[in-house]
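Peer 1: Before I ask anything, here is the structure I am working with.
The values are calculated or read from the model by the stated rules, or taken from the named source; none is laboratory data. Here the structure is a predicted model, which is why all the values come from computation and not from measurement. Here the Cβ positions follow ideal geometry from the backbone for every residue, glycine too, while neighbour counts run over all protein chains shown. Note: areas computed on protein heavy atoms with side chains; ligands, DNA, RNA excluded. Shrake-Rupley method; radii C 1.70, N 1.55, O 1.52, S 1.80 Å.
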Amino acid sequence: MSGGEILAVAMIATVCALLLVGYPVALTLAGVSLGFAAIGTATGVMAFSLMGALPERIFGIMTNEVLLAIPLFIFMGVMLERSRIAEELLETMARLFGALPGGLGLSVIVVGVLLAAAKGVVGATTVTMGLIVLPTMLRHGYDRALAAGTVAATATLAQIFPPATVLVLLGDQLSNSYQAAQLAQGNFAPRTVSVADLFAGAIVPGLVLVAFYMLYLVAVAIFRPDKSPPVKPDPTAPHGLALIARLLVVLIAPIALILAVLGSILGGIATPTEAASVGAVGAILLAAYRAGLTGLLMPVMTRTTQITSMIFLILIGATLFSLVFRGLGGDRMIERALLDLPGGVAGATLAVMAALFLLGFVMDAFEIIFVVVPIVAPALLKMPGVDPVWLGIMMAVNLQTSYMHPPLGTTLFYLRGVAPPEITTRDIYLGIIPFVLIQLVMLVALWFLPGLATALPHRLYGV
């Protein structure tokens, strides 16, 4: 191992240590990178002139049309958080299925899927469902751990279901990595993988994951009915055709928004950025119809700006980190390490998946996408038989677990902040264990059945 590669390993270790201590992610990435760039220059293993490429890279980030979808999707999610879609959906779905054991839990998952597809932001979905769903489930006698786990797992579907913000960022990083891998192999007319490809690839795995969640809740209802009792009927509530008509009314708005955004992307009518603008306008109209915009627009804009600034600041810090890491020769070291692993392509892919899962305990999905994916993805995509869409969906499902990993899983923090007092941190941690295991089963299914991720995009776009 050369001196530069030793510094590259030390740089990764330093970043992880500082993140565990609690330093801000973006500032840690940038500060450590500058420090090791200085050390590399002083020891002669890196030319500091390489840093001259940083302004151009930052300019590329800020003018990237794909990344422009991020603030628009975030705005859409925050705006929808202020409307009463979730309350009305849950109330109606609970009346429809709640009379069955476990029916309320199944209703929660259905509502969560619709919210995930409409919002695309895990934090907004977690807060909304935590405030609305958890008290309802507890009031009807649900086990505390089961209720907390169901809400947390369902909220993380906002990461895998289009138009997930994570898929947009992952698609952008994989697109760059795929082109870099092909150029390194002498292909100067490289194929591309787009955000739309990942959106299409995520739909079937997302639905299969939902089916696994539902099967688990059905099993709990059968074998432990005391944990998910039926909802007591309300004689004053609508029944029969009146209930079905009410369900159709509350479903129209979220389904129309989902079709407008996702349908336009998959149908090739609009780019993800264009579709995001349609979704943002649709969310404004929906919120105005439900609650009016008085006193609403400014808080939504403020929250959107905060989240967007956080994401882009991390991205800029990660860009500096990646530049210095490559300058120290870390990319070549990673590529050699993956090629030297036993098992060839399968061994290298398994090692990366295991590393992403373990990193989820100390880093969130955004940090992993910005820091780790640009390092390992080019090496994997140079290997024969690695489909970029399949790799992207495998990473997305894997990173979904990072939202529920203790101690730093952001979903756990969001849920802890809005959960009723009787829900303890222990309840939340115990409740998410079965759902993390289900997500690992989903990874195994994708490993042996890659067509789950590739069949739809191949059919739609021929990629």
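Peer 1: If I ask for residues that are surrounded by fewer than 14 Cβ atoms within 10 Å (Cβ to Cβ), in a loop (DSSP other than H, G, I, E, B), at pLDDT 80 or above and not hydroxyl-bearing (S, T, Y), which ones from the stretch 1-45 would you list?
Peer 2: G44
Peer 1: Enumerate the pairs (first residue in the stretch 430-456 and in contact (Cβ under 8 Å) with a residue 40 or more places away in the chain and within 17 Å of M214 (Cβ to Cβ); second residue anywhere and buried (at least 20 other Cβ atoms within 10 Å of the Cβ) and of a type in the set (D, E, K, R)) with beta-carbon separation below 9 Å, excluding pairs fewer than 6 apart on the same chain, so at least 6 apart or on different chains.
Peer 2: Between residues of the stretch 430-456 that are in contact (Cβ under 8 Å) with a residue 40 or more places away in the chain and within 17 Å of M214 (Cβ to Cβ) and residues that are buried (at least 20 other Cβ atoms within 10 Å of the Cβ) and of a type in the set (D, E, K, R), the close pairs are G431/D143; G431/R144.
Peer 1: Same structure, new question: Show the residue pairs meeting these rules: Cβ distance below 7 Å; 6+ apart or different chains; first residue within the stretch 260-289 and within 22 Å of A455 (Cβ to Cβ); second residue among the basic types (K, R).
Peer 2: The qualifying pairs do not exist here.
Here is a yes/no grid of residues against (1) over 28 Å from A445 (Cα atoms); (2) in contact with a Leu (Cβ under 8 Å, 6 or more places away or on another chain):
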| position | (1), (2) |
| --- | --- |
| L313 | yes, no |
| I316 | yes, no |
| G327 | yes, yes |
| L339 | no, no |
| A348 | no, yes |
| A377 | no, yes |
| P384 | no, no |
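Peer 1: Taking the stretch 161-181 only, how many residues are in contact with a Leu (Cβ under 8 Å, 6 or more places away or on another chain) and of a type outside the set (A, V, I, L, M, F, W, C)?
Peer 2: Result for the stretch 161-181: 6.
Peer 1: In this structure, is S309 open to solvent by 10 Å² or more (accessible area, probe 1.4 Å) and either under 29 Å from A253 (Cβ atoms) or part of a loop (DSSP other than H, G, I, E, B) (or both)?
Peer 2: no
Peer 1: If you don't mind, another one. Of everything in the stretch 414-453, what is open to solvent by 20 Å² or more (accessible area, probe 1.4 Å), polar (S, T, N, Q) and assigned to a helix (DSSP H, G or I)? Give them in sequence order.
Peer 2: Within the stretch 414-453, T425 is the sole residue that qualifies.
Peer 1: Note down all Cβ pairs under 8 Å where the first residue falls in the stretch 383-400 and is open to solvent by 20 Å² or more (accessible area, probe 1.4 Å), the second is at pLDDT below 85 and of a type in the set (A, V, I, L, M, F, W, C), and they're at least six residues apart or on different chains.
Peer 2: Filtered contacts from the stretch 383-400: P384/V345; G385/V345.
Peer 1: Something else: Which of the residues that make up the stretch 85-114 are open to solvent by less than 10 Å² (accessible area, probe 1.4 Å) and at pLDDT 75 or above?
Peer 2: Passing the criteria: G102, G103, L104, G105, S107, V108, I109, V111, G112.
Peer 1: Can you name the helices (runs of 4 or more DSSP H) wholly within the stretch 155-264 that have at least 3 residues being modelled with pLDDT of 80 or more and either among the acidic types (D, E) or open to solvent by less than 20 Å² (accessible area, probe 1.4 Å) (or both)?
Peer 2: The helices (runs of 4 or more DSSP H) meeting that bar are 157-160, 165-184, 195-223.
Peer 1: Limited to the stretch 189-234, what total is found for residues that are among the aliphatic types (A, V, I, L, M) and closer than 18 Å to A164 by Cβ?
Peer 2: Count: 12.
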